[in-house]
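Here is the structure we will look at, set down as structure tokens.
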Amino acid sequence: MAKLASIALIFGLLTTLVLLSSCPAMSREVEDESEFNYDEDSDQGPHNWGDIKPEWFRCKNGTMQSPIDLLNHRVQIVSNLGGLQINYTPSNATLKNRGHDIKLELIANSSYLQINGTQYVLKQLHWHSPSEHTIDGKRLDLELHLVHETPSGETAVIGILYKTGLPDLFLSLLRKDLEAISTSTGEERSVGVVDPRMIQFNKMHYYRYIGSLTTPPCDENITWTIVREVKFVSKEQIELLRVAVHDDSDSNARPLQPLNNRLVQLNKLKGYQH
């Protein structure tokens, strides 16, 4: 009987592991970002993230990691994905200094992105400088991530790339609040109502691939949409985002990850030359 009980226990554990491995990726970004950094020479740097905690193993062993280089000669050009189905609405929001980035969290928000009939609710957005994704090997000056989730924990992220130029309107509206939270890591500030519709971008031309979170625990099966249009942001706005996070690195962008034969599509209308 004891032997049968042991076999049953082992079978139960194996079944649990199989079920866990087949579950959709949860957007469980680390809030306490003092546990890792972006210094290439540090024990807590990007190449060591997978060794810091057992649950961060995908940062080292994952095969669908982000960010990637979006090489134009390697992408599959399609036109059947259609325009991004986005329904954004104004929402109360909180701005938070997470140590290595600035997060704008939307509260009781009904904004969503719809992909293949599934609605992903817009939960938060944050910035990386320089950009994490590159296009034909070129790294841009800033990247905004709009993070969406389903009730079951599936995640879809829209990435928008920026180069230095005219000020970005949305960041201009947040300037005083960004300055107010720049004093310390963990600082939070209610910013009242924000309207994500003010983050205007081309919804017809974008890259699509399956990747991961770009911070620990590096969970995979994240649906990535990278907008093809490059927008503008001022040098002062980039500097404000960097000053506010008080870390010792000049960057909060994860190094590029191997593509590993993943499919990368570029939704592009016929005749579109941009």
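Compute the length gained on full extension between LYS176 and LYS203: take 0.36 nm times their separation in residues and subtract their Cα-Cα distance, giving the result in nm to one decimal.
Net length gain for the segment: 6.8 nm.
Can you give me the long-range amide H partners of LEU142? Hydrogens built in the peptide plane at 1.01 Å from N, cutoff under 5 Å, separation of 5 or more residues or another chain.
The list, which skips near neighbours in sequence, is SER131, TYR162.
At a Cα cut-off below 16 Å, give the aspartates and glutamates reachable from LYS231, other chains included and same-chain residues fewer than 8 away excluded.
In chain and number order, the partners are GLU132, ASP141, GLU143, ASP168.
Mind checking the alpha-carbon convex hull of segment 37-94 and giving the volume per residue in Å³?
204 Å³
Points 7 angstrom from Cα along the Cβ direction at ASN80 and ASP250: gap in nanometres?
4.6 nm
Rounded to the nearest 0.05, what FRET efficiency do HIS47 and THR164 give with R0 = 30 Å and r taken as the Cβ-Cβ distance? Could you check?
Here the calculated transfer efficiency is 0.60.
Among the GluC sites (Glu not before Pro) within segment 168-248, which fall in a DSSP loop and have no more than 14 other Cβ atoms within 10 Å of their own Cβ?
Filter output for segment 168-248: GLU229.
Among the chymotrypsin sites (Phe, Trp or Tyr not before Pro) within segment 86-136, which fall in a DSSP loop and have no more than 15 other Cβ atoms within 10 Å of their own Cβ?
Here no loop site has a sparse enough neighbourhood.
When the gyration tensor of segment 177-253 is built from Cα positions, what are the square roots of 5 times its three eigenvalues, in whole Å, from largest to smallest?
26, 19, 14
Given contacts defined as C-alpha pairs under 8 Å and at least six residues apart, what's the relative contact order of segment 49-268, whole-number percent?
Value for segment 49-268: 30 percent.
Can you give the Kirkwood hydrodynamic radius for segment 49-268, in Å, rounded to one decimal and based on Cα pairs?
17.8 Å
Compute the signed sum of charges (Lys and Arg +1, Asp and Glu -1) over the other residues within less than 14 Å, Cβ to Cβ, of GLU179.
With Lys, Arg at +1 and Asp, Glu at -1, the net is 0.
Looking only at segment 165-180, which residues have a backbone nitrogen under 16 Å from a spot 7 Å from the Cα of SER190 in the C-beta direction?
Under 16 Å, as judged by backbone N against the label point of SER190, lie 177 of segment 165-180.
So what's the Cα pair-distance distribution over segment 34-162, bin width 5 Å, in %?
Using 5 Å bins, I get a P(r) of 2, 9, 13, 17, 23, 18, 12, 6, 1 for segment 34-162.
Mind giving me the FRET efficiency for PHE57 and ASN261? R0 is 22 Å, r the Cβ-Cβ distance, nearest 0.05 is fine.
Once rounded, the FRET efficiency stands at 0.55.
We did not get these values from a lab; they are worked out from the coordinates using the rules stated. Just so it is clear, the model here is predicted, and its values are computed rather than measured. Cβ: placed from backbone, ideal geometry, glycine included. Neighbour counts: every protein chain shown.
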